[in-house]
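All of the numbers you see were taken from the coordinates with simple rules; none came from a lab. These numbers were taken from a predicted model, which means no experiment stands behind them. Here the Cβ positions follow ideal geometry from the backbone for every residue, glycine too, while neighbour counts run over all protein chains shown.
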Amino acid sequence: MTMSEQSAEAHLVLPNQLTGLETITQFLDDLAMQWNLSATTAMTLNLVLEEAFTNVVQYAYTDDLPHEIGLRFTKQENTIAIELSDDGTPYDPTQKEDPDTTLSASERAIGGLGIFLIRQMMDSVHYERKDGKNHLYMQKRI
Amino acid sequence: MEINLSKSDAVQIAAIRGRIDANNSKELEVALTQTIEAGNQKILIDLSGLDYISSSGLRVFLLVAKMLEKNGMIAICSMQPQVEQIFTISGFNNIFKIFGNREAAMQHLA
């Protein structure tokens, strides 16, 4: 972790296993202390990272080989930016259609809320395919 | 996550504490579907001890709502603000009857 007066950065590399969720939670707890983030912000980041990370672990890989999923956190004065990168199948989650949240239980489809929650909870989300990897950029004002 | 099951008259109460995430949501799904399949048609979910829920937890709640839609009833009570926010964003406040405390939820199910 590097710190300066204006900005700070932190990195985390995880294997493509759901057990990485515990590591993410622990890492965010530590980061919230060091960067003085509110409990609400820390919970929001935990949620969006769970959704994005779980999607990659469950759907991005067509082989059984171990892969690395990278997380990069950047804190500016008023924002937190997160970049999640993976070498899985090209997939742009920002193109996914939002679910209709006005439907009744019987009309609602099971699933499909993860990416919707990311878009709702963060202030900006964008995607890029670069150097053979998916990069998901998410930003939140703090 | 802790799931505490208890019964009050004809109402099956499930008090869920801690976190519901992709690692443990299956455990919740099994507990709730088993209790419905055992014949419990009135379910009260007490979320006063729940600190965190992700889409994997919402998926379980929707599944349970679908199971109970025809012949059952479900109510949720005592959500913490950060959990309620996730329910509201997802439109689950339109699907579930949500109450501020257990007594009000019990009255609804009575």
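Tabulated data for the structure shown
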read-out	value
The protein assembly as shown: antiparallel DSSP beta bridges as a percent of all, rounded to 5	70
Residues with amide H under 5 Å from that of B:M73, placed H, sequence gap 5 or more	B:K42, B:I43
Distance between modelled label sites at B:A110 and B:N4, nm, 7 Å Cα→Cβ extension	2.3
Compactness index (Cα Rg / 2.2 N^0.38 Å), region A:77-142	1.31
Ranked by how many other beta carbons lie within 10 Å on average, peptides A:121-130, A:53-62 from highest	A:53-62, A:121-130
Antiparallel DSSP beta bridges within chain B, percent to nearest 5	30
Per-residue ³J(HN,Hα) for region B:101-110, Karplus 6.51 cos²θ - 1.76 cosθ + 1.60, θ = phi - 60°, Hz, x for Gly and Pro	8, 5, 4, 5, 5, 5, 4, 4, 7, 5
Across A:K96/A:K130; A:K75/A:K96; B:K70/B:K97; B:K42/B:K97; A:K130/B:K26; A:K96/A:K133, pairs whose alpha-carbon gap is larger than 23 Å	A:K75/A:K96; A:K130/B:K26
Two-site label geometry, B:N101 and B:E27: point separation in nm, points 7 Å out along Cα→Cβ	3.1
FRET efficiency, A:L103 to A:E9 (Cβ-Cβ, R0 41 Å, nearest 0.05)	0.50
Solvent-free Debye scattering, log10 I(q)/I(0), computed from the Cα coordinates of region B:1-57 at q = 0.12, 0.22, 0.29 Å⁻¹	-0.26, -0.83, -1.22
Span-rule helices in chain A, defined as complete DSSP H runs reaching 15 Å or more along the axis (Cα) with Kyte mean at least 0.0	A:20-34, A:39-59
Net charge over other residues, Cβ less than 12 angstrom from the Cβ of B:Q12 (K, R count +1; D, E count -1)	-1
Peptide-level mean, for A:100-111, of C-beta atoms on other protein chains within 10 Å	5
Residue among B:V83, B:V11, B:V30 with the largest mean-square fluctuation in a Gaussian network model of chain B, springs linking Cα atoms under 10 Å	B:V30
Spherically averaged projected area in nm², based on the convex hull that wraps the Cα atoms of the protein assembly as shown	14.2
Mean separation of Cα contacts under 8 Å, 6 or more apart, over the residue count of chain A: relative contact order %	26
Electrostatic dipole magnitude of region A:1-140 [Cβ: Lys, Arg +1; Asp, Glu -1; Cα centre; debye, to 20]	200
Point-charge dipole on Cβ atoms (K/R +1, D/E -1) for the protein assembly as shown, about Cα centre, debye to 20	740
Peptide-level mean, for A:40-51, of C-beta atoms on other protein chains within 10 Å	3
Cβ-derived FRET efficiency at R0 25 Å, B:T88 paired with A:L18, nearest 0.05	0.40
